[in-house]
Amino acid sequence: QHLKALPAFRALLRAVEARFYQPLLPLEEPVLDVGCGDGHFASIAFPHPLLAGIDPAAPSLREAQEWGAYHGLAQALGDALPFPSSHFSTVVSNSVLEHIPSVEPVLAEISRVLRSPDSTSDRAGGRFIFCVPGDQFTHLLLFADLFRGLNLEGAARAYERYFNRISRHHHCDGVDVWQQRLAAAGLEITDSFYYFSQQATHALDLGHYLGAPSLIAKKLFGRWILTPTRWNLALTERWLRPLYEEPLPEIGAYLFVIANKA
């Protein structure tokens, strides 16, 4: 489904992430999506529209409206959410927090709008679900690996910095760092795991360059994929499906986290 609308490397990543949400469904309502982007991910990952999505980019919100994945959309920053305290039972944020230079105020705002625990009814606090690049992300990139294999450590580090720059990554941290940030905001991790193997990350890295035609199509026609038919996508799907179906690796490039308001 993701291949029909996204470049291959992004479709693979989003499809894997959407799969992780399935055992968590139905999400307890109401649900807020922080950094909803163009709304395509939510339209596939969740069977019903979420109550609200926020994003600072107006063009993305216009696309999100077309996908119909939210009952309401707001142009807002994550550190100034336009909602009352304790309003949401669930907050999701899919591959967003790594793009925010100062992420602590955003976590504090997410905690504020999440439902507080109720000791009288033994009801847990609201749940925050998010994913981000982890502390092994750049080490698993294809070209960083190739440079290290040639004993070009300086070139490998330079490529890692370059890739983070073009991806607008400000954070690639492990679960211990996120645990400290979340605890400071009054959130407690209940589950976390790494995903996306070295092979999958190699495909992601290479796919950024193979996806140039999709970028041109998006600029010219407003669509990443001009011919979203099975025959046109068959070879790409055959290449990526084993990576989509792979089990969780011992060392993964990305981190999926579930936390509750403490």
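The values are calculated or read from the model by the stated rules, or taken from the named source; none is laboratory data. This is a predicted model, so every value here is computed, not measured. As a convention, Cβ positions derive from the backbone with ideal geometry for all residues, glycine included, and neighbour counts pool all protein chains shown. To get the accessible areas, we keep the full protein, side chains included, count just its heavy atoms, and leave off ligands, DNA and RNA. Shrake-Rupley method; radii C 1.70, N 1.55, O 1.52, S 1.80 Å.
Scanning the range 37-55 for residues that are under 14 Å from Arg10 (Cβ atoms), assigned to a loop (DSSP other than H, G, I, E, B) and out of contact with any Gly (no Cβ under 9 Å at 6 or more places or on another chain) yields one hit, Asp38.
Can you confirm whether Ser85 is without any contact (Cβ under 8 Å) to a residue 24 or more places away in the chain, farther than 18 Å from Leu25 by Cβ and part of a loop (DSSP other than H, G, I, E, B)?
No: the conditions fail for Ser85.
Yes/no matrix, rows are residues, columns are (1) of a type outside the set (A, V, I, L, M); (2) more than 16 Å from the chain's Cα centre (by Cα); (3) under 22 Å from Asp38 (Cβ atoms):
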position: Ser102; (1), (2), (3): yes, yes, no
position: Val106; (1), (2), (3): no, no, yes
position: Val113; (1), (2), (3): no, yes, no
position: Gly125; (1), (2), (3): yes, yes, no
position: Pro133; (1), (2), (3): yes, no, yes
position: Phe137; (1), (2), (3): yes, no, no
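When Pro7 is tested against (1) at positive phi; (2) open to solvent by less than 10 Å² (accessible area, probe 1.4 Å), exactly one condition is not met: (1).
If I filter the range 158-174 for residues that are at positive phi and not hydrophobic (A, V, I, L, M, F, W, C), do I get at least one hit? Yes; the residues of the range 158-174 include at least one that is at positive phi and not hydrophobic (A, V, I, L, M, F, W, C).
Condition check ((1) without any contact (Cβ under 8 Å) to a residue 40 or more places away in the chain; (2) surrounded by 13 or more Cβ atoms within 10 Å (Cβ to Cβ)) across all residues:
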| site | (1), (2) |
| --- | --- |
| Tyr159 | yes, yes |
| Asp176 | yes, no |
| Gly211 | no, yes |
| Gly252 | no, yes |
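Scanning the range 64-82 for residues that are in a helix (DSSP H, G or I), out of contact with any Leu (no Cβ under 8 Å at 6 or more places or on another chain) and within 18 Å of Ala18 (Cβ to Cβ) gives a single hit, Trp67. Among the residues of the range 16-42, those that are under 18 Å from Gly134 (Cα atoms) and open to solvent by less than 20 Å² (accessible area, probe 1.4 Å) comprise Val16, Glu17, Ala18.
Ala76 meets each of the listed conditions (1) of a type outside the set (Lys, Arg); (2) in contact with a Pro (Cβ under 7 Å, 6 or more places away or on another chain); (3) within 21 Å of Ala184 (Cα to Cα) apart from (3).
Under the condition of being in a strand (DSSP E or B), in contact (Cβ under 8 Å) with a residue 12 or more places away in the chain and open to solvent by 10 Å² or more (accessible area, probe 1.4 Å), the residues counted in the range 116-136 number 1. Being among the small types (Gly, Ala, Ser), crowded, with 19+ Cβ neighbours inside 10 Å, outside any strand (DSSP E or B) and in contact (Cβ under 8 Å) with a residue 40 or more places away in the chain is a property that does not hold for Ser93. Scanning the range 139-148 for any residue that is surrounded by fewer than 14 Cβ atoms within 10 Å (Cβ to Cβ), on the phi < 0 side of the Ramachandran plot, in contact with a helix residue (DSSP H, G or I) (Cβ under 9 Å, 6 or more places away or on another chain) and of a type in the set (Asp, Glu) turns up nothing. If Ala200 satisfies all but one of (1) under 24 Å from Phe130 (Cα atoms); (2) surrounded by fewer than 17 Cβ atoms within 10 Å (Cβ to Cβ), what's the number of the condition it fails? All conditions are met except number (2). The number of residues in the range 115-143 being over 30 Å from Phe9 (Cβ atoms) and touching a His at 6+ places or on another chain (Cβ under 8 Å) comes to 1. For the range 239-255, state whether one or more residues are closer than 27 Å to Lys4 by Cβ, aliphatic (A, V, I, L, M) and part of a helix (DSSP H, G or I). Yes: one or more hits.
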